[in-house]
1. On a 0 to 90° scale, report how tilted helix 177-191 is relative to the longest principal axis of the chain, with both axes built from alpha carbons and the result rounded to the nearest 10.
2. In whole Hz and in residue order, list the ³J(HN,Hα) couplings for the range 325-340 that follow from phi through the Karplus curve 6.51 cos²θ - 1.76 cosθ + 1.60, θ = phi - 60°; x for Gly and Pro.
3. What are the semi-axes of the equivalent ellipsoid for the range 63-209, taken as the square roots of 5 times the Cα gyration tensor eigenvalues, largest first, in whole Å?
4. Can you give the Rg and Dmax of the range 305-376 based on its C-alpha atoms, in angstrom?
5. Once you have the Kirkwood Rh of the range 246-316 from its Cα pairs, apply Stokes-Einstein at 10 °C and 1.306 mPa s and quote D in µm²/s.
6. Based on DSSP H runs of at least 4 residues, each adding -39500 (n - 2.57), what is the mean residue ellipticity at 222 nm of the chain after dividing by all its residues, to the nearest 500 deg cm²/dmol?
7. Label-point separation (nm) for Ala113 and Asp193, each offset 7 Å from Cα along Cα-to-Cβ?
8. Mind putting a number on the dipole of the range 256-373 about its Cα centre? Charges go on the C-beta only, +1 for Lys and Arg and -1 for Asp and Glu, and I need it in Debye to the nearest 20.
Amino acid sequence: MMIQRRKPSGQKKRCQGGYLAFIPDPLPPVLEWSRRLTRVLSDADRLVGRLAGEGRRLPNPHLLMRPFLRREAVLSSRIEGTQATLGELLAAEAGASVERSGADLREVGNYVAALEYGIKRLKTLPLSLRLVRELHRKLMKGVRGGVVTPGEFRRTQNWIGEQGCTLENASYVPPPPDELICCLGDWEKFLHDRTLPPLVQIALAHYQFEAIHPFLDGNGRVGRLLVTLFLVERDILPTPLLYLSAFFEATRREYYERLGGVSSRGEWLPWLEYFLNGVARQSEDALQRAEQINKLLLAWRQAAVGLRSRTPALLLDMVAANPFLTVKNAAEKIGIAFTTAQRAMRKLEKLSILREVSEAKRGRIYCARQILEILERPARLSP
């Protein structure tokens, strides 16, 4: 793709105090299509289509969506420095006690809550500045940075750079407060545009949101949430199985370099190719994980057919959503006696489906390790 460049993709404004802040130009930039971009976009579209087809074939797509969403929450939060693992989050949600600090788990849990909230909210409210503020309020509730006006756009200047840096030596200074609402208004208007291919549109919108940096904290997490919500709103995927945080986390240095290249040198081409490659690779990755988990569940359900009780089959639906189980939690969710749940878990343990992972005699924790291993496997970045 050849792009008519503007160097940079915006302008710098001298602000009160003497510092310079960057104000991005309204979207979209002027683009001249090339064979290379057409090929990269075609690859991404094809693989997203395959993932969408797999999602439509799932007998219970909402079950598989849950662990994928939690994997995204862990990886998105890790970019911001949170250390909680997927196993710890899933175990805690199943009712097990984990050693990880409550603050880290709360941050990841808030990301889950914000994304689930956003998916439901899209039924009554389109992607908009109002929804962005609501997502931020959910995301920042009771966590680090949560004291910094959750759900409100900033009224003071922020900046990006090494720890301890100032406005004068920051690597990037986003628009000043008096320009913020104008920038956000243009961004919201662009979100509702329907003239560009959707994957190109969300690539441009993601850059612009990060360039505007409208909150004092949580901008990266909100920006990554919006990618998934855009794909859901446009009905590109029937269920949210595609997330880019794994790609951004694994290529973190390039991610920031590509964003910075647009701002400082108008390099839209490298950014679009990077983003679309991430969509293609993560679609492949999600497709493989979904297929492997479905294959496992099918084999396990067939193995459970010979058991006299229906309870093991109900437990398999639970491990599809969360591979960790406690007897108490399972009994309460299914609405059966504690001893009935315990017997069913032991039957699944004999079939090598579940394995006890706690040493306590009471409050035993079981895990479908094969599913957890599929979810925790590092992302594959090459075709």
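Rule-based calculations on the coordinates, nothing more; no lab input. Everything numeric in this text was worked out from a predicted model, so none of it was measured. Please note: Cβ atoms are built from the backbone with ideal geometry, for glycine as well, and neighbour counts cover all protein chains shown.
1. Compared with the principal axis, the helix lies near 60 degrees.
2. 9, 10, 4, 4, 5, 5, 4, 5, 6, 7, x, 10, 5, 4, 5, 5
3. Details: eigenvalues 161, 99, 40 Å².
Each semi-axis is √(5λ); the values are 28, 22, 14 Å.
4. 11.3, 33
5. 104
6. -19000 deg cm²/dmol
7. The answer from the label model is 3.6 nm.
8. Working: 19 positive and 12 negative charges, 201 e Å.
The dipole magnitude comes to about 960 debye.
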